[in-house]
Amino acid sequence: MTEELKEAANNEVTMSWLDMKARFLLKDEIDIDNRVLLLNGGISLKSYIKFDKQLRFLESIHNDPITVIINSPGGSVYDCFAFIDRIMNSSCVVNTEAMGFVASAAVPILLSGERRTAGRHTTFMHHPPSYGVGHEPLAIHASELVHTKNLANRINKFIASRTLKPYSFWAK
């Protein structure tokens, strides 16, 4: 057996093992053959960690484009920024598709894709970031309000930079 054939056989065995491992570890939200990731459910640290592992796996195989299909009610604005940075700094082109319900923090994640599309029956919802009011002193709430307004400005500027609508449209 020539060295080239041995190397090809080793690569095939390695890819087969990696494919099986990925299918087991990364479960239903990844289609390795078509390079598709599903982002379903809330935006959280847990969903980001899983997404990051899936994206790293697809990046490790080759540099073909990756599609992320999003169906999410949103979630943490901080984790939203992590998704955005991860998608925009991927070693592969990442395209995004909206399906079902794309709301809150999921909207800017959708807009972080290179090519962005939406299903005909997709519903979108955008709102400013929010925070809970508990029993903390008023000064803490005032500080949280300033911080929340800053987050809203960051999100709205990002959305405006990725759409045809100006900042003033999103900052209503």
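The values are calculated or read from the model by the stated rules, or taken from the named source; none is laboratory data. Note that the structure is a prediction, hence the values are computed from the model and not measured. Reconstructed Cβ throughout: ideal geometry from the backbone, glycine too, with neighbour counts over all protein chains shown. With ligands, DNA and RNA removed, areas are computed over all heavy atoms of the protein, side chains included. Shrake-Rupley method; radii C 1.70, N 1.55, O 1.52, S 1.80 Å.
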Leading residue by the ranking (most open to solvent (accessible area, probe 1.4 Å)) among those in the stretch 149-172 that are closer than 16 Å to residue 112 by Cα and not in a helix (DSSP H, G or I): 164
Qualifying positions in the stretch 38-58 - out of contact with any Phe, Trp or Tyr (no Cβ under 8 Å at 6 or more places or on another chain) and β-branched (Val, Ile, Thr): 49
Any hit, the stretch 8-29, residues being more than 30 Å from residue 144 (Cα to Cα) and at pLDDT 95 or above: no
